[in-house]
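Student: Shown below is the structure under consideration.
The values are calculated or read from the model by the stated rules, or taken from the named source; none is laboratory data. In this text the structure is predicted, and so the values were computed from the model without any measurement. So basically every Cβ, Gly included, is an ideal-geometry build from the backbone, and we count neighbours across all protein chains shown.
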Amino acid sequence: MKRLLLLLPIACLAQDIVPVVCPDCNVEALDAPWVCPKCGRQLEPPAADPEPDPEDAPDTPAAPDRDLASAIRGNVRDARAGAEARPAAALAAARNALALSALAPDALAPADRKRLVSLETSLLARLASEIAPCPHCHGTGRVDAPRQPKPAARGRNFKSIESVAVKDINAQPTQPCPLCGGSGRVRRATDRKRLAGLVGEGVRDFGRAARAAGLAESGGAWLPAGLAAALSDADRATLLRFETVGRACPACAGTGTQPCRPCGGVGRVLCGNRAFHSPPKSVGEGADRKAIESTVLAPATRDPCPVCGGTWDAPRAVPCHDCGGRGVSACPSCSGTGAAPDRSR
């Protein structure tokens with residue numbers, strides 16, 4: 001009898017029978033009616049096996065729209081994950097998601113699409129500016145500054161007064177650079193050629209990763225290989241139209257700007273009040289004592305500069321007048337829109 005009970009589970013497995021065990025006497029019921037053969041307690045029938053998910057069935061191909069939506073979500077995840085370490089490749093992933101969304105407008109909710117566009121803008125802004133050596137102090141953080149001229153003593157002749165004034169001016173002790181604050185580094189707008197190179201490197205790195213993941217390129221966008229082969233002519237035309245119209249201007253990489261030339265993209269320049277910040281001039285021969293004192297001593301007694309607030313020997317940085325302190329001007333190729341011109345017509 002014990003041997004027969006040991007063989008019951010094996011027999012049940014062979015016949016795909018799921019026994020029900022009585023919780024009171026620990027005896028199995030093998031078929032309906034599900035009643036314990038020992039105590040007669042009514043037992044709950046075994047749960048039916050769940051039906052296989054149609055999406056998990058190996059013979060049922062996935063819907064193309066769902067494949068496209070998955071690819072878009074994967075691009076968004078890649079863009080967010082690489083935003084800090086690899087902003088150029090993350091920008092390419094974000095733009096690829098926007099290109100694929102042209103084929104599946106319902107794949108992204110309006111709020112998600114808005115966040116994706118904001119992510120693309122922030123990544124592009126990160127690439128469009130860079131830390132560079134200060135153009136005024138050449139990265140040293142120090143600049144020459146004239147010393148305050150010493151007053152001329154009474155009773156000395158003209159030559160001694162002139163030698164003291166000129167010697168003090170030529171000494172030129174150093175002071176912190178007013179443009180970079182003494183750090184030697186400034187943030188400026190990235191040169192457009194360099195920016196285009198960075199964006200191109202990101203597109204190349206993203207393309208390599210996409211090819212390794214089994215994706216295929218069609219119309220400048222990367223999407224699942226099976227879906228790329230099944231695209232219609234209208235879908236390919238949509239991708240090409242997005243490539244020419246929706247993608248970035250090649251001259252400014254989509255920023256719509258170029259570095260301001262007067263300030264070199266820094267957005268700040270030294271105070272241009274030359275009448276106040278010019279160093280004292282050397283005293284010419286034949287000048288009387290009053291003219292000498294007014295020329296040599298006047299800068300040391302002036303009030304702060306009305307333009308920058310600095311002293312005569314320490315001008316401060318002010319916003320660039322041409323760009324208003326932004327460091328950039330409108331791109332002439334796209335008129336500041338950032339979009340590539342439509343060349344498909």
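Student: I want to confirm something. Restricting to the stretch 202-261 and keeping residues that are in the same structural domain as residue 100 (by TED's automatic domain parsing), more than 21 Å from the chain's Cα centre (by Cα) and of a type in the set (Lys, Arg), which single residue is nearest to residue 76 (Cα to Cα)?
Tutor: 211
Student: A follow-up question, please. Taking residue 103, is it more than 14 Å from the chain's Cα centre (by Cα), of a type in the set (A, V, I, L, M, F, W, C), modelled with pLDDT under 90 and part of a helix (DSSP H, G or I)?
Tutor: Judged against the criteria, residue 103 is not a match.
Student: Just checking: which of the strands (runs of 3 or more DSSP E) contained wholly in the stretch 172-261 hold 1 or more residues that are aliphatic (A, V, I, L, M) and surrounded by 20 or more Cβ atoms within 10 Å (Cβ to Cβ)?
Tutor: 185-189, 215-218, 221-224
Student: Give me a count of the residues in the stretch 75-120 that are polar (S, T, N, Q) and more than 18 Å from residue 236 (Cβ to Cβ).
Tutor: Within the stretch 75-120, residues that are polar (S, T, N, Q) and more than 18 Å from residue 236 (Cβ to Cβ) number 2.
Student: Still on this structure, I have one more. Kindly provide the set of residues from the stretch 106-145 that are over 27 Å from residue 181 (Cβ atoms) and under 14 Å from the mean Cα position of the chain (by Cα), ordered by number.
Tutor: 115, 116, 117, 118, 119, 120, 121, 123, 124
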